[in-house]
Amino acid sequence: MGFLDITVGWFFAETAQIFFNAVAWIVAQIGYLLDYTVEKMVLEMAELVNGITAIDALWSTFRDLGNIVFIGVLLYIAIRTILNVGNSFNTKRILVRLVIVALFVNFSLFASKVVIDTSNVVALQFYNSIQVEECGESACNISHFFADVTNISSVQSPEALEALENEGSEEGANFKILIARVMGIVFLAVVGFVMAAMAFLLLIRFGFLILLMIASPLAFIAFVLPGTSDMGQKWLHNLFNQSFFAPILFAMVYVVAVLGAELANGLGGNGDLMAAILDPDGDNYGVILTFALMTFLMAYTLVVAKQMGGWVTQKSMQVGVKARNWTGAKVVGATAAGVRATAGRGGQKASESRGLKDAASDENRNAVTRFGARAALKLSDKAANSSFDMRNTRAGKAAGVDDGKQRSSGFRQVVEEKAEKRKEEKGMIERLSPEEKAKVERAKIKQEQADKSLEKAEKEIKKLEKEAKTRYEDAKENAQAQYDRVKNTVEEAQQQTNNELTDVTNNLKQVSSAIKKRAELGDKLAAARSSGDRRLEERIAARLNALTDDIDGVSNLEDLDTKQNDLQDRKSDLESRKETLQRRRNTVQNAYNDRKSQARNVYTDERDELKTKREVAKESTKKFKKKMDNVINVGNKRGEGFVETMLEQQSTLDKIAGFAGYKFDTTQSRANRDFALENIGDIKSKDEDSAGRTAKDRASSKLRNIYNT
Amino acid sequence: MQQEEVLQKAKKNLPDEYVQAVIDLELPKRIDKISEQYQLSDIETDILDQEVVYLLLGITDSPTFTDRFGDISELENNVLLKVIKSVTRDIIIPLQEKFQGDNEENSTTSMPVPPPPPAPSAGYGGTSDPYREPTDDR
């Protein structure tokens, strides 16, 4: 019965082993697939896409198709306008959008690539952060990270199997191995499923993004055509959703990695998974729990990444709409200014054209010429008076470019305003004495000098900033070089210690086993002696003598105990050395981090100081120029003698400020100053309060008391 | 925020030594003296009082003071110029002398010396006073 049990147990255990190996092989292939997907379809996506010439070719085809659609839409708009069909406001709105999209459709592929590349670069940053430190001979990839964080490799543990075999009962061992294999298959399948899901989603992302790139011209067109803007929105939504899935996924994985290390330590989950399955006592539950928790978290990252991708898309699109409105308003405003300066100027000239006026009023010319000249004058007059600012129109408002800052005056009005201002300024300057005019000129030269000086100061500051950065980079490099040197030395020592420790542990096992067998054989020898079986006695004695054959430095059985003690001492020494080296390594790492952070702090301080200097120089120049402007303007307004008086007065006030160590105009916030200036304008008001005091009385009373409170 | 609060806040932001120097000047008396000298009306005197306070508190600079006082008081430009000159001569220069004297006197004591204002750059004619006339024709 016992034999049958052992045979059946052995059969199931071996069968489970075969399945286990098959599942492990599949999971390994999934790991390779995931690594390949991440590497080629996320990290090196730009190179891969650039290599696929079909994308450009297909995109060009769709773009050309789009251009044909534009012509069709233009014709549609033209016919609607000619026949005066439908709402003219909608027609104008479509026309504005058509022009904008016709321009930008040529950049649709570039725009899509910018979004995708940005997401991939962000993904790369997180990917680099989640690398594991050691992966054997192969390069470290995300599958190594998976294996590391879930500890799945320990589901096949030779040490646990050996311990089980040494335990005794073959029947019980087979059963436990069977359980371990079945559980191992389940664990492997779970990890494999998560990795496969990740690889699949990234693969889908890649394919989807390529299709979105190719379809980008059509998506742009969809924004223009009535009733298809939803499709355009859908395209944009998918572009953002798919692009930002990868960085968010890696970011979540990074979070799990950082969290997982702490959790594993807390739960005691760093042991063998197989040993935990074979011997699920209280201490080993931590290993299984850690595995389960980490696998759940890894799977959950996929769900969160998909959800957050949608959120990022929504927010990005909202920001995009705001940016479009702002940029549109500025572009339209600038265009209007440009058209005012060109078409408006042309209109002004044409409306003042003697030839046109003569042609319009000359009775000797034929009716058609007179009509043409009158029409041209009317049109040019309109051009001269028009602001050309689309933000004033309903179409401009419809296109979302109305920022409330549009001009209503045309070129003619602008010219008249400028002429009036020049006339006024000229009149004022003529009221100054020659000496004051010279002073004003000098003040203007000083303003220019202040600008040049600021420019020089900025150059100097830039140079200093560059030097500070170079110093920072050098310090970082030095720290890195020193760290690498020491780290290598420590790592070599660690490697050496580990090797020696492995040897000593193996020797110790051998000696311990020999000691155990010596006791067993000793008992058997005594039994043989007592039974008088000489042959058995000789055989056992020979086996006893052979026990020391493979053990170095032991010639007889009595030396085994001494050897065991020596090896144990050596093992303790090596373990202690191992800990010391680890501490040393941590110290080196901390020292390196400190040096880097110190260098960074020094650099940040230097940079901030220079930034402050730059701001002070700018502010100082700006204030100086403003004061000079005030002096010139008020001097011009008031006439002879004022410029000199104000210069002298301000100079004295600044000297006082210099003695006191402050600046007048920095003592007040702009809001306070404006408030104060607004409130003193009513001093001449005759309105009386209940006590019969005027605003003037109240203000005067407050002002007179200001230094007494 | 009330006007008085703004003025008090402005005053608080000024160094104590400076405020003391202004108090010691007995500003109302000086204003009244200028008023008598140029036969300013009560309302013109009040306006001058107000504008000088704003000037000394740093709320306005010299051109703004000149312009605002001129606009609100509606004085003739020739009278206005004389009043502005008097404000410089009878209020601001004595304040400078007083403050400078106090400053020099205290420089030997343990009073903390406030940091100097940002020095004007070399482009300001190579002097520490941006309003000083250049000595050569640059």
Taking A:Lys613 as the residue in question, decide whether it is in a helix (DSSP H, G or I), within 28 Å of A:Thr470 (Cβ to Cβ) and in contact with a helix residue (DSSP H, G or I) (Cβ under 8 Å, 6 or more places away or on another chain). yes
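Given the condition part of a helix (DSSP H, G or I) and over 30 Å from A:Glu609 (Cβ atoms), answer yes or no: does some residue in the stretch A:476-484 qualify? Show your work before the answer.
Start the filter on the stretch A:476-484 by keeping residues that are part of a helix (DSSP H, G or I), which leaves A:476-484.
Then keep just the ones that are over 30 Å from A:Glu609 (Cβ atoms); that gives A:484.
Checking the stretch A:476-484: at least one residue is part of a helix (DSSP H, G or I) and over 30 Å from A:Glu609 (Cβ atoms).
On the phi < 0 side of the Ramachandran plot and either touching a residue at least 12 places away in the same chain (Cβ under 8 Å) or in contact with a Cys (Cβ under 9 Å, 6 or more places away or on another chain) (or both): does that describe A:Glu619?
It is false that A:Glu619 is on the phi < 0 side of the Ramachandran plot and either touching a residue at least 12 places away in the same chain (Cβ under 8 Å) or in contact with a Cys (Cβ under 9 Å, 6 or more places away or on another chain) (or both).
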Over the stretch A:202-231, the set of residues at negative phi and surrounded by fewer than 18 Cβ atoms within 10 Å (Cβ to Cβ) is A:Leu203, A:Ile204, A:Gly207, A:Phe208, A:Leu211, A:Pro226, A:Thr228, A:Ser229, A:Asp230, A:Met231
When restricted to A:Glu441, A:Glu465, the only residue part of a helix (DSSP H, G or I), among the acidic types (Asp, Glu) and within 30 Å of A:Asn630 (Cα to Cα) is A:Glu441
If we scan the stretch B:80-89, do we find a residue that is more than 18 Å from the chain's Cα centre (by Cα) and either modelled with pLDDT under 85 or more than 8 Å from chain A (Cβ to nearest Cβ) (or both)? no
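Regarding the stretch A:630-649, can at least one residue be identified that is within 14 Å of another protein chain (Cβ to nearest Cβ), on the phi < 0 side of the Ramachandran plot and surrounded by fewer than 16 Cβ atoms within 10 Å (Cβ to Cβ)?
At the first step, the residues of the stretch A:630-649 found to be within 14 Å of another protein chain (Cβ to nearest Cβ) are A:630-649.
The next check asks that each one be on the phi < 0 side of the Ramachandran plot; those that pass are A:630-638, A:640, A:642-649.
Next, only the ones that are surrounded by fewer than 16 Cβ atoms within 10 Å (Cβ to Cβ) stay: A:633.
Yes: one or more hits.
Please note which helices (runs of 4 or more DSSP H) are completely contained in the stretch A:187-280 and include at least 1 residues that are among the polar types (S, T, N, Q).
Working: elements: A:216-224, A:229-243, A:245-267, A:273-278.
Ranges flagged: A:216-224, A:229-243, A:245-267.
Determine whether A:Thr587 is within 14 Å of chain B (Cβ to nearest Cβ) and under 30 Å from A:Glu477 (Cβ atoms).
Working: within 14 Å of chain B (Cβ to nearest Cβ): no; under 30 Å from A:Glu477 (Cβ atoms): yes.
Answer is no for this residue.
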Does A:Leu259 fit the bill of being surrounded by fewer than 19 Cβ atoms within 10 Å (Cβ to Cβ) and either touching a strand residue (DSSP E or B) at 6+ places or on another chain (Cβ under 7 Å) or at pLDDT below 85 (or both)? yes
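To keep it simple, each residue is scored yes or no on (1) more than 60 Å from the chain's Cα centre (by Cα); (2) not in a helix (DSSP H, G or I).
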site	(1), (2)
A:Thr489	no, no
A:Glu492	no, no
A:Ala528	yes, no
A:Asn556	yes, yes
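Which members of the stretch B:56-79 meet the condition of being under 17 Å from B:Ile34 (Cα atoms) and within 7 Å of another protein chain (Cβ to nearest Cβ)? First the steps, then the outcome.
In the first step, residues of the stretch B:56-79 are kept if they are under 17 Å from B:Ile34 (Cα atoms); the result is B:56, B:65-66, B:69-70, B:73-79.
Across the stretch B:56-79, the qualifying residues are B:Thr66, B:Gly70, B:Asn77.
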The residue from A:Arg181, A:Arg205 that alone is among the charged types (D, E, K, R) and modelled with pLDDT under 85 is A:Arg181
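The values are calculated or read from the model by the stated rules, or taken from the named source; none is laboratory data. Every value quoted in this text rests on a predicted model; they were computed, and no experiment measured them. Here the Cβ is made from the backbone with ideal geometry for all residues, glycine too, and neighbour counts use every protein chain on show.
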